[in-house]
1. Quickly work out the ASP235-to-ASP354 label distance, labels modelled 7 Å from Cα along the C-beta direction, and quote it in nm with one decimal.
2. Leaving out ligands and nucleic acids, and using a 1.4 Å probe, what accessible area per residue does segment 234-390 come to in Å²?
3. Within a Cβ distance under 11 Å of LEU50, other residues only, what is the Lys/Arg minus Asp/Glu net charge?
4. With 18 Å as the limit, write out which pairs from LYS60/LYS139; LYS44/LYS132; LYS109/LYS141; LYS157/LYS222 have Cα-Cα distances beyond it, or answer none.
5. Treat each spin label as a single point 7 Å out from the Cα along the C-beta direction, and report the LYS132 to ARG381 distance in nm.
6. Cut-off 20 Å, label point 7 angstrom out along Cα-to-Cβ of ASP312: give me the residues of segment 357-376 whose amide nitrogen falls inside.
7. Which percent of the accessible heavy-atom area of segment 270-357 goes to carbon and sulfur, probe 1.4 angstrom?
8. Hey, got a sec? Which GluC sites (Glu not before Pro) in segment 234-328 land in a DSSP loop and have at most 16 other Cβ atoms within 10 Å?
Amino acid sequence: MLAAHLPGRTPYICARCLRLSRLRHYSTQNTKLPPPPPASGAAKLTNRRLISLHGQDAPKFLQGIVTANVTPGTRSGLFTAFLNAQGRVLSDTFIYPTLGSQWHQEINKDDEQGYLVEVDSTQAETLTKHLKRHKLRSKFKLRLLEEGELDVWSVWKEDERWTAHTAEDNAGGIIMMTDRRAPGMGQRALLSPSNFSSDLKGVLDQAQEALFDAYTIRRYLKGVPEGQVEIPRDDSLPMNCDIDIMGGIDFRKGCYVGQELTIRTYHTGVVRRRILPVVLYEHGKQPPERLEYDPEASVALPAYDVDIRRDDERQRATGKFIAGIGNVGLAMCRVEQMSHLVVSGEGSSFSYADTFFVKAEDGQKYGIKAFVPDWIRGHIREPKIQKRVG
């Protein structure tokens, strides 16, 4: 639903309409699908915006409002999230320290700490207002960067595994960070259009420029959710969206907005639902053994939030479809019903003989199978006898 457009204001779009409008691009069988992502590539992320915080109180302010640990000595970029007071996700973000970069020298022109917060473009203005409400008398400057002032790029090389120990942030004056959410996600770089040619050449190295869809397909194959389509505002707990196992939460830090429920869930709760990568296939056929993208797949994507059901007589719901391209995507799954993961004392009811289905917008059934990447499996804790959360 669109609200009346007021002069000088961005028209309001409800979250559900926004998600549906984004998901319709590959929702028909006749749409030509993008090619598989290249082994090494760089893609401009056109759906991201940046917010600048600059001043002596910026580290302290961020420390009290995000889930990760931000200190005045922080020099490496990090993945984190903003929560509401009830502990639900407002925005998943990246935070880039800018001190030492060419952009900081040209724009901030001092030695005070500065940060750029990367956020989904649809939530940039909303998050800026959220920061202003909490700023009070903190001594730092806050502004939303103009579109095109700096562009966000993702760079990956399949034969290299960037880690916190091998990557150099802000190398050569370019604001960069390692994307540590999952193995092989590569690096993120903020490039200035005015120095685009030289900056891009230094970042790409032997990688080729790729489409935005290539980046999205790689995320889906690795099971990494991102942005308001996949992590809707005020809807989910950070654990449901894998923010904890993607390194976005420091459970040892002090108070921050939304901490109480987050810590209680971590210590005494059971996270029964998580976002997992899924493959769609022809209903009635044998489920695929591997998680692979097929650019020739003839699949009509389900609508957002459609139930995933067990393919038996009772057809009980076991999850929700979130988003996809072609035959791959993400879904919110009840992990003990759709995988062998055990997160509670009840144990998993899943069997390899179990099959599941989801209905496309035209009513056609498709088989759907969830996969548990090794990086997710390795972070799931042993079950405890705890109360039910999620």
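The values are calculated or read from the model by the stated rules, or taken from the named source; none is laboratory data. What you are looking at is a predicted structure, and each value in this text was computed from that prediction instead of being measured. Glycine gets a Cβ as well: all are built from the backbone with ideal geometry, and neighbour counts include every protein chain shown. The accessibility values were calculated without ligands, DNA or RNA, using every heavy atom of the protein model including side chains. Shrake-Rupley method; radii C 1.70, N 1.55, O 1.52, S 1.80 Å.
1. About 2.3 nm, to one decimal.
2. Details: 7490 Å² over 157 residues.
That works out to 48 Å² for each residue.
3. Values: positive: ARG48, ARG49, ARG143; negative: GLU118, GLU146, GLU147, GLU149, ASP151.
Charge balance near LEU50 sits at -2.
4. Details: LYS60/LYS139 10 Å; LYS44/LYS132 28 Å; LYS109/LYS141 13 Å; LYS157/LYS222 14 Å.
The answer is LYS44/LYS132.
5. 3.9 nm
6. 357-359, 366-371
7. Details: 1620 of 3950 Å².
Roughly 41 percent of what the probe reaches on segment 270-357 is carbon or sulfur.
8. On the way: sites: GLU260, GLU282, GLU289, GLU292, GLU296, GLU313; in loops: GLU289, GLU292, GLU296, GLU313.
Qualifying residues, ordered by number: GLU289, GLU292, GLU296, GLU313.
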